[in-house]
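Rule-based calculations on the coordinates, nothing more; no lab input. Worth saying up front: this structure is predicted, and the values here are computed from it rather than measured. Glycine gets a Cβ as well: all are built from the backbone with ideal geometry, and neighbour counts include every protein chain shown.
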Amino acid sequence: MTASDHVTAPASPAPHGAAPQRPGALSHLRVLDLSRVLAGPWCTQNLADMGADVIKIEKPGEGDDTRHWGPPFFADAAGTPTDNACYFAACNRNKRSVTVDMATPEGQELIRELACQSDVLVENFKTGGLARYGLDYTSLSRLNPRLIYCSVTGFGQTGPYAPRAGYDLLVQAMSGLMSITGHADSEPGGGPLRVGVAVIDLFTGMYATSAILSAVEARHHTGRGQHIDMALLDVAMAILANQGAGYLNTGNVPQRQGNTHPSVVPYQDFPTADGNMLLAIGNDGQFARFCEAAGVDWAHDARFATNAGRVTHRTTLIPMMAALTRTRPMAEWVRLLEDKAVPCG
């Protein structure tokens with residue numbers, strides 16, 4: 001085991017039970033982090049932020065791929081860019097980092113020793129990739145039955161897609177998330193768009209965190225760890241939320257509609273005399289207060305009095321509202337609406 005060039009704390013791990021003193025709810029846990037890039041590291045960063053002692057294993061001579069994902073790179077004291085990517089720092093804080101060559105018997109034995117001293121292991125190798133090294137859940141759980149082993153993959157441990165590599169952008173497309181993100185094809189700039197950050201990776205990291213904490217709680221009662229199968233595609237389907245539920249119950253395919261909401265009106269940006277304002281009116285009371293502040297009687301119009309009516313008559317109401325909001329500067333609208341507790345910004 002050799003220390004990485006970018007060690008953020010002493011590289012040699014202390015014996016289990018003698019981890020570096022740190023505050024936090026999870027300070028009693030040690031996490032062995034075999035993951036790289038984003039979904040797995042986001043999970044282990046969450047655990048580290050809550051106090052867990054996270055030991056990150058990286059490839060000798062190269063490290064995690066995201067160490068090189070730049071620019072942007074951090075600058076040194078003289079303002080000169082270094083080779084340390086900001087991306088890596090965004091998902092690896094509060095961890096200790098060492099390099100281990102997993103392809104060698106010596107490296108594999110080191111990982112086994114660390115796994116025996118750990119509560120949690122997180123990895124995002126291809127399905128079955130660690131079995132050839134004897135570092136899969138079945139092998140390590142024999143050595144440490146209390147080990148909670150979380151595998152993060154694109155498509156899960158079983159099924160026809162299991163061998164495939166999974167990436168956030170690919171899964172944003174396959175899940176349909178891109179089909180409901182962006183402007184409609186008929187509008188300028190229309191077409192499917194990815195979300196501006198790797199949201200599937202990030203949500204997968206969050207789901208993995210909660211699954212691990214659930215497994216820790218279960219271990220209090222069973223005395224045993226378990227294998228968590230966390231897949232990007234599963235997470236992507238889950239976070240379609242209301243859009244997915246709407247399709248499953250009506251058969252209507254959700255469409256891209258820019259900044260508007262499929263089920264709530266008005267819930268979008270509007271032009272003002274000097275910029276754009278966001279209105280997030282989520283119920284009939286808020287709409288009535290908007291109308292009162294704006295000096296219009298639309299809340300008494302049967303077409304607009306209820307949210308269902310406003311959704312049905314969206315194409316009539318929204319142009320009327322846009323014409324109205326253009327008559328005042330943004331700051332004036334914000335003062336008027338905040339005074340009436342109407343969500344805006």
Worksheet item: For the pair residue 186 and residue 274, how long in nm is the line joining their label points, each one 7 Å along Cα→Cβ?
Response: 3.6 nm
Fill in: Most mobile of 31, 235, 296 in a GNM of the chain (Cα contacts under 10 Å)
296
Discussion item. Can you tell me which of 105, 188, 71 moves the most in a GNM of the chain? Springs connect C-alpha atoms under 10 Å apart.
Written reply: 188
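Calculate, in nm to one decimal, what residue 74 and residue 62 gain on full extension: separation in residues at 0.36 nm each, minus their alpha carbon distance. Present the calculation step by step, with values, prior to reporting the outcome.
Details: separation 12, 0.36 × 12 = 4.32 nm, distance 1.75 nm.
Contour length minus Cα-Cα distance gives 2.6 nm.
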Worksheet item: To one decimal place, what Kirkwood hydrodynamic radius in Å is obtained for the chain from all pairs of distinct Cα atoms?
Response: 23.4 Å
Item to complete: Starting from the Cα of residue 83, step 7 Å along the direction of its Cβ; do the same at residue 101; then give the gap between the two resulting points in nm.
Response: 1.9 nm
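For a quick check: sort 87, 149, 247 by the number of other beta carbons within 10 angstrom, fewest at the front.
On the way: 87 20, 149 27, 247 15.
Going from sparsest to densest Cβ surroundings: 247, 87, 149.
Treating the beta-carbon of each Lys and Arg as +1 and of each Asp and Glu as -1, no other charges, what is the dipole magnitude of segment 2-238 about its Cα centre, to the nearest 20 debye? Spell out each step's value before the answer.
Details: 18 positive and 24 negative charges, 118 e Å.
About 560 debye.
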Worksheet item: Can you give the relative contact order of the chain as a percent, counting alpha carbon pairs under 8 Å and 6+ residues apart?
Response: 13 percent
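Sorting 170, 32 on the 10 Å Cβ count, fewest up front, what's the list? Mind dumping the intermediate values first?
Details: 170 16, 32 26.
Starting with the residue having the fewest Cβ neighbours, the order is 170, 32.
With +1 on each Lys and Arg Cβ and -1 on each Asp and Glu Cβ, how big is the dipole of segment 267-339 about its Cα centre, in debye rounded to the nearest 20?
Values: 7 positive and 9 negative charges, 46 e Å.
Its charge dipole is roughly 220 debye.
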Worksheet item: Looking only at 26, 110, 248, which one moves most when the chain is put into a Gaussian network model with springs between Cα atoms under 10 Å?
Response: 248
Worksheet item: What is the Cα centroid distance between segment 285-303 and segment 327-343, reported in whole angstrom?
Response: 14 Å
Discussion item. For the pair residue 169/residue 193, report the inter-label distance in nm, with labels modelled 7 Å from Cα in the Cβ direction.
Written reply: 1.6 nm
